[in-house]
Amino acid sequence: MSNQLRRLRFEAGEMTQQQLAQQVGVTRQTVIAIEGGKYAPSLELAFKLAAALGRPLEQVFQYQPEG
């Protein structure tokens with residue numbers, strides 16, 4: 001799964017990782033891991049992140065099948 005979190009944070013008034021984390025109730029380290037593709041968020045967290053950025057889920061996260 002890929003994501004556009006970093007780009008969308010900057011488009012949302014240069015929101016910091018900490019600000020985004022606080023809005024959705026996770027740690028900054030979780031946001032860093034998701035942005036870096038090291039962690040795939042739960043469906044609920046993915047929706048919360050998209051809502052915090054004011055974007056539909058499919059603009060934030062993209063599924064890319066392996067193989």
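Identify the GluC sites (Glu not before Pro) of the chain meeting these criteria: DSSP loop state and at most 16 other C-beta atoms within 10 Å of the C-beta. Don't skip to the end; give the middle numbers.
Numbers: sites: Glu11, Glu14, Glu35, Glu44, Glu58, Glu66; in loops: Glu14, Glu66.
Filter output for the chain: Glu14, Glu66.
Toward the positive end of the charge dipole of the chain, about the Cα centre and with charges on Cβ (Lys, Arg +1; Asp, Glu -1), which of Pro41, Gln19, Pro56 goes farthest?
Selected residue: Gln19.
Mind checking the angle between helix 43-53 and the chain's longest principal axis? C-alpha axes, 0 to 90 degrees, to the nearest 10.
Here the helix axis deviates by roughly 50 degrees.
Using the basic label-point model (7 angstrom from Cα toward the beta carbon), what is the Leu45 to Tyr63 distance in nanometres?
So the label points at Leu45 and Tyr63 sit 1.9 nm apart.
Apply the Debye scattering formula to the range 9-67, with a single equal point scatterer on each alpha-carbon and no solvent, then give log10 I(q)/I(0) at q = 0.20, 0.22, 0.28 Å⁻¹.
-0.73, -0.88, -1.40
Read-outs throughout are calculated quantities, based only on the coordinates presented, and are distinct from any laboratory measurement. Keep in mind the model is a prediction, meaning the values are calculated, not measured. All Cβ positions, even for glycine, are placed from backbone atoms using ideal geometry, and neighbour counts span all protein chains on display.
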